[in-house]
């Protein structure tokens with residue numbers, strides 16, 4: 001099962017926090033070495049969206065937090 005939650009936050013700058021959490025699957029073991037897929041998940045959004053990605057390999061499932069700043073509103 002995958003749960004995805006998101007919320008808009010105003011600090012430190014307006015942005016979107018996306019949380020991904022896997023559960024009810026096989027036990028997860030943290031990888032010894034990150035492969036190209038894991039590096040792609042962590043680095044691509046950071047470059048393309050100026051975001052921050054944190055991945056965790058918890059025994060109950062993979063979890064990720066992705067912070068993306070929102071564009072400034074035109075007033």
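Bear in mind that the values in this text are calculations on the coordinates, not laboratory data. No experiment lies behind these values; they were computed from the predicted model shown. Cβ sites come from the backbone with ideal geometry, for glycine too, and all protein chains shown count toward neighbours.
Over the stretch 10-64, what is the relative contact order in percent, taking alpha-carbon pairs closer than 8 angstrom and at least six residues apart?
Relative contact order for the stretch 10-64 comes out at 48 percent.
Fewest Cβ neighbours within 10 Å first, please rank 66, 41 accordingly.
41, 66
Run through the DSSP bridge list for the stretch 2-69 and note the antiparallel percent, rounded to the nearest 5.
100 percent
Running a GNM on the chain with Cα contacts under 10 Å, which residue among 40, 55, 16 ends up with the highest mean-square fluctuation?
40
Connecting C-alpha atoms closer than 10 Å in a GNM of the chain, tell me which of 60, 15, 37 has the biggest fluctuation.
Of 60, 15, 37, the Gaussian network model singles out 37 as fluctuating most.
With springs only between Cα atoms under 10 Å apart, run a GNM on the chain and tell me which of 35, 61, 25 wobbles the most.
With Cα springs under 10 Å in the chain, the top fluctuation among 35, 61, 25 is at 35.
State the volume of the convex hull built on the alpha-carbon positions of the stretch 2-69, expressed per residue in Å³ and rounded to an integer.
Each residue corresponds to 88 Å³ of Cα convex hull volume.
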